[in-house]
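Visitor: Structure below; questions to follow.
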Amino acid sequence: MSTPAGEDLALLTEPPSLGLAGRVAWITGASRGLGRTLACAFAGAGAAVLLSARSSEPLEELAAAIKGEGGDAEIVVGSVADPAVIAASIAAIEARWGRLDTLVNNAGISPFYKRSEQIGAAEMREVIEINLLAPLACCQAALPLLEADGGGSVVNVSSIHGSVAAPRMVGYAASKGGLETVTRTLAVEWAARGVRLNSLAPGYLHTDLSAGLVEHPHLGDELRSRTPLGRFAGNAEIAACALFLAGPASSYVTGTTLFADGGWTAQ
Ligand SMILES: NC(=O)c1ccc[n+]([C@@H]2O[C@H](COP(=O)([O-])OP(=O)(O)OC[C@H]3O[C@@H](n4cnc5c(N)ncnc54)[C@H](OP(=O)(O)O)[C@@H]3O)[C@@H](O)[C@H]2O)c1
């Protein structure tokens, strides 16, 4: 083995870091569940955070907790599907920090669990609007700020069901599969502008969104048994992947899906 030199030697003294201190991240759906954990993880890594969701009280409490620990946070209340809320989020980021380094499209819903022959068009539209069209609109609105500082990144929170088929998931699967193809398309289009986009596809977490499944006596056990690691993910384990995709350690990673799924997609 040759002696490390040049770039290799530099890694000995300056290993890849999260590199998020002083950066600004916008996290949608930050009022609870994975989004709340993401907010704490980014703030803990030194990033200022813009937190958005429809519920004001938990957002205010979370922002206060982050500030109490010496962090920097701002909130915008409203639906991520509302163009005025997206515009207000960008305006708040510009006014307070004047830059945006990372957008985490985390807000998501899974409002029905029905077989495909029972799904109505309105139900499909609802889930596609929140899980697919809204993240795309956030990406479009964030692009000028993301490219302004020469190296922004987007983390789109998908799901294993963006690629692994399961019954009673047609709307959710369509929305997450669509989100992953949108992510890859934008990654190709925006690479020359210095903006990276990646999907993060968790397996099952224990949140409000998945409680009906993971707490179900039979379905919960079945899901666990289909997970090679044999357990559901902790929110912090997924947030750690988002920190990697957001920061400089993933500077050559774009257009991918990171499966943080306990081994589902390896089967
Ligand atoms: N739980 C899982 O097992 C699992 C697995 C894979 C992927 N995921 C994905 O992870 C992400 C987070 O899910 P979660 O499990 O943390 O769900 P959750 O606990 O239900 O939280 C969802 C978050 O999204 C926000 N949200 C929902 N609709 C919104 C809207 N119209 N506008 C703005 N914010 C909205 C909610 O806030 P408000 O209600 O206050 O608006 C909440 O903060 C989702 O994209 C989900 O698909 C979850």
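Visitor: What single numbered condition from (1) over 30 Å from residue 84 (Cβ atoms); (2) without any contact (Cβ under 8 Å) to a residue 60 or more places away in the chain; (3) buried (at least 19 other Cβ atoms within 10 Å of the Cβ) fails to hold for residue 197?
Guide: Looking at each condition in turn, residue 197 falls short on (1).
Visitor: Would you check if residue 127 is surrounded by 22 or more Cβ atoms within 10 Å (Cβ to Cβ) and in contact with a Phe, Trp or Tyr (Cβ under 7 Å, 6 or more places away or on another chain)? Write out each step before concluding.
Guide: Numbers: surrounded by 22 or more Cβ atoms within 10 Å (Cβ to Cβ): yes; in contact with a Phe, Trp or Tyr (Cβ under 7 Å, 6 or more places away or on another chain): yes.
Judged against the criteria, residue 127 is a match.
Visitor: Would you mention how many residues in region 79-102 are part of a loop (DSSP other than H, G, I, E, B) and within 16 Å of the ligand (Cβ to nearest atom)?
Guide: Residues that pass the stated criteria total 4.
Visitor: Restricting to region 66-78, what's the tally of residues that are surrounded by fewer than 16 Cβ atoms within 10 Å (Cβ to Cβ) and within 15 Å of the ligand (Cβ to nearest atom)?
Guide: 1
Visitor: For residue 242, state whether it is free of Cβ contacts under 8 Å to residues at least 12 places away in the same chain and either under 29 Å from residue 11 (Cα atoms) or within 12 Å of the ligand (Cβ to nearest atom) (or both).
Guide: No: the conditions fail for residue 242.
Visitor: What number of residues in region 236-256 are crowded, with 19+ Cβ neighbours inside 10 Å and under 18 Å from residue 176 (Cβ atoms)?
Guide: Residues flagged as crowded, with 19+ Cβ neighbours inside 10 Å and under 18 Å from residue 176 (Cβ atoms) within region 236-256 amount to 4.
Visitor: Right, something else. For residues that are away from the ligand (no atom under 14 Å from the Cβ) and among the small types (Gly, Ala, Ser), scanning just region 177-210, find the one that is farthest from residue 233 (Cα to Cα).
Guide: 192
Visitor: In addition: So, of the residues in region 8-42 that are buried (at least 16 other Cβ atoms within 10 Å of the Cβ) and away from the ligand (no atom under 16 Å from the Cβ), which turns out to be nearest to residue 104 (Cα to Cα)?
Guide: Per the criteria, the residue is 24.
Visitor: With the condition kept exactly as written, say whether any residue in region 258-266 is under 15 Å from the mean Cα position of the chain (by Cα), over 17 Å from residue 36 (Cβ atoms), touching a residue at least 12 places away in the same chain (Cβ under 8 Å) and outside any strand (DSSP E or B).
Guide: yes
Visitor: Looking at the structure I just gave you, is residue 243 among the aliphatic types (A, V, I, L, M) and farther than 15 Å from residue 19 by Cα?
Guide: no
Visitor: Moving on. Has region 48-58 got at least one residue that is within 12 Å of the ligand (Cβ to nearest atom), in contact (Cβ under 8 Å) with a residue 40 or more places away in the chain and of a type in the set (S, T, N, Q)?
Guide: Yes, because at least one residue in region 48-58 is within 12 Å of the ligand (Cβ to nearest atom), in contact (Cβ under 8 Å) with a residue 40 or more places away in the chain and of a type in the set (S, T, N, Q).
Visitor: Pick from region 103-122 the residues that are within 17 Å of residue 32 (Cα to Cα) and out of contact with any strand residue (DSSP E or B) (no Cβ under 8 Å at 6 or more places or on another chain): which of them is farthest from the ligand (Cβ to nearest atom)?
Guide: Checking each candidate, the answer is 111.
Visitor: Restricting attention to region 164-176, which residues are away from the ligand (no atom under 12 Å from the Cβ) and surrounded by 14 or more Cβ atoms within 10 Å (Cβ to Cβ)?
Guide: Within region 164-176, 168, 170, 174 qualify.
Visitor: Moving on to the next point. Of the conditions (1) part of a helix (DSSP H, G or I); (2) touching a Phe, Trp or Tyr at 6+ places or on another chain (Cβ under 8 Å); (3) under 27 Å from residue 40 (Cβ atoms), residue 237 clears all except one; give me its number.
Guide: Just one mismatch for residue 237, condition (2).
Visitor: A further question follows. Does region 150-163 hold any residues that are at pLDDT 95 or above and either part of a loop (DSSP other than H, G, I, E, B) or within 14 Å of the ligand (Cβ to nearest atom) (or both), and which are they?
Guide: Step one: filter region 150-163 for residues at pLDDT 95 or above, giving 152-163.
152, 154, 155, 156, 157, 158, 159, 160, 161, 162, 163 - these are the residues of region 150-163 that are at pLDDT 95 or above and either part of a loop (DSSP other than H, G, I, E, B) or within 14 Å of the ligand (Cβ to nearest atom) (or both).
Visitor: Pairs, please: C-beta under 6 Å, at least 6 apart or cross-chain, first residue over 17 Å from residue 88 (Cβ atoms) and in region 131-144, second surrounded by fewer than 22 Cβ atoms within 10 Å (Cβ to Cβ) and among the charged types (D, E, K, R)?
Guide: Partner pairs satisfying both residue conditions: none exist.
The values are calculated or read from the model by the stated rules, or taken from the named source; none is laboratory data. Since the model is a prediction, treat every value here as computed from it, not as a measurement. Cβ: placed from backbone, ideal geometry, glycine included. Neighbour counts: every protein chain shown.
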